[in-house]
There are 2 protein chains.
Amino acid sequence: MPQRVTHETAQCPVARAVDVIGDRWSLLIVRDAFDGIRRFNDFQRNLGLAKNILSSRLRELVTHGILEIVPAAEGGAYHEYALTQKGRDLFVILVSLRQWGEDHLFEDAEPHSVLLDTKNNKPVRKLEVTDAKGRLLDPSEAFVRKVAS
Amino acid sequence: MPQRVTHETAQCPVARAVDVIGDRWSLLIVRDAFDGIRRFNDFQRNLGLAKNILSSRLRELVTHGILEIVPAAEGGAYHEYALTQKGRDLFVILVSLRQWGEDHLFEDAEPHSVLLDTKNNKPVRKLEVTDAKGRLLDPSEAFVRKVAS
DNA sequence: TCCAACTGGTTTCAACTTGAAACCGCTTGA
DNA sequence: TCAAGCGGTTTCAAGTTGAAACCAGTTGGA
């Protein structure tokens, strides 16, 4: 009986993270949330995904504590979806995906959207993995210590 | 006729990146590749996924230029899968997923694997999004400039 | 006040994807 | 030589995705 494999109890944080946000829509919904989108219909129009899928993804994101349902800003009868702190902490992941995409998924002359900082209107700096002292770290200079089992 | 939605031609690098590596297995295969795994059976045993799925994911990763097929290190008849530069550049993404997972998907006392730098045996530093001058940037201080359409 | 349009979904159903298991030809090692 | 391992492919059932239709409650404009 093939049901979806889960890594909920994995000891590797990467596996658990992929389990929560590793699908084709969740991170795009979060990206839109960072762009200020908060309403069901706005997500739906902007992403162009089916309403039933959006509904199920929003429910999962709320269940995982990445989004929360809040009363509409203008006080109407409708509600909105807002990022929690856990959701805002996905910012680094989105930036890393963005930078990798910029570097490897566009032709040289091909236009793409850019992430700027509000104050200077300049692109965000390239993310770097560094050691405890702040020195740049090559993937070959790092290793995963597994937890004793 | 519902076939998978694609973001191959999106102008947002996040969308294109999610299109390529946004599924439940690709990033875990890449993670294992960083851990030194190179052979089909080793991936399969380590990840515990069905062989047909592994086969199709490896093929996709090779097609996207993230892995490449190389002759076996010991010179046998078999071949191996090795990360390309494009694949090694996924390191930051894996680290960002790992750090978010560590922060939000484990109980305080729950053990998890840790990424250490080889030289000092100390955990890698927390990734930070900074502006062009290296100043820490809050998500609220950044915005996406869309490309003219 | 009334009604049309919009909001935020759920339901239905077919197509597509995933997963387990069986199978298969080639290589390696004892 | 021959059994076990490697690197897959095939088959088929079950699960997931997507499009479209539908629906109750809300809002806005005449």
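Some values worked out for this structure:
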read-out	value
7 Å along Cα→Cβ, label-point gaps from A:Lys133 to other copies, nm, shortest first	2.8
Accessible area in square angstrom per residue, region B:13-141, 1.4 angstrom probe	48 Å²
In sequence order, calculated HN-Hα J values of region B:54-71 (Karplus, 6.51, -1.76, 1.60; Hz; x Gly/Pro)	4, 4, 5, 5, 4, 4, 5, 5, 5, 4, 7, x, 8, 10, 9, 8, 10, x
For A:Asn46, inter-copy label distances in nm, listed shortest first [label point 7 Å out on the Cα-Cβ vector]	3.7
Backbone HN-Hα couplings from phi across region A:16-25 [Karplus 6.51/-1.76/1.60, Hz, Gly and Pro as x]	5, 5, 4, 4, 8, 10, x, 9, 7, 10
Chain A residue with Cβ closest to the axis mapping A onto B, distance in whole Å	A:Ser96, 2
Whole-Hz ³J(HN,Hα) from phi, Karplus 6.51 cos²θ - 1.76 cosθ + 1.60, for region A:32-38, glycine and proline x	5, 4, 5, 7, x, 6, 9
Coil-residue trypsin sites (Lys or Arg not before Pro) of region A:27-58, DSSP, other Cβ within 10 Å capped at 16	A:Arg39
Cα centre as origin, Lys/Arg/Asp/Glu Cβ charges: the protein assembly as shown dipole, Debye	80 debye
Protection proxy ranking of B:10-22, B:62-74 - average other beta-carbon atoms within 10 Å, highest first	B:10-22, B:62-74
Those lysines that a straight Cα-Cα span of less than 22 Å connects to A:Lys86, excepting residues fewer than 8 apart in one chain	B:Lys126
Chain pair B, A: total accessible area buried, heavy atoms, 1.4 Å probe, Å²	7400 Å²
Convex hull volume of chain B per residue (C-alpha atoms, cubic angstrom)	213 Å³
Label point 7 Å beyond Cα along the C-beta direction, distances from A:Arg145 to other copies (nm, shortest first)	4.4
Cα-based Rg / Dmax (Å) for the protein assembly as shown	19.5, 70
Per-residue [θ]222 nm for chain A (sum of -39500 (n - 2.57) over DSSP H runs n ≥ 4, rounded to 500)	-11000 deg cm²/dmol
Charge sum, other residues only, whose C-beta stays under 14 Å from A:Ile37's C-beta, Lys/Arg counted +1 and Asp/Glu -1	+2
Accessible surface of the protein assembly as shown [probe 1.4 Å, protein heavy atoms]: carbon and sulfur percent	50 percent
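The values are calculated or read from the model by the stated rules, or taken from the named source; none is laboratory data. Because the structure is a prediction, the values reported are computed rather than measured. Don't worry about glycine lacking a Cβ; one is built from the backbone with ideal geometry, like all the others, and counts go over all protein chains shown. Each accessible area value is taken on the protein alone, full model and side chains, heavy atoms only, with ligands, DNA and RNA left out. Shrake-Rupley method; radii C 1.70, N 1.55, O 1.52, S 1.80 Å.
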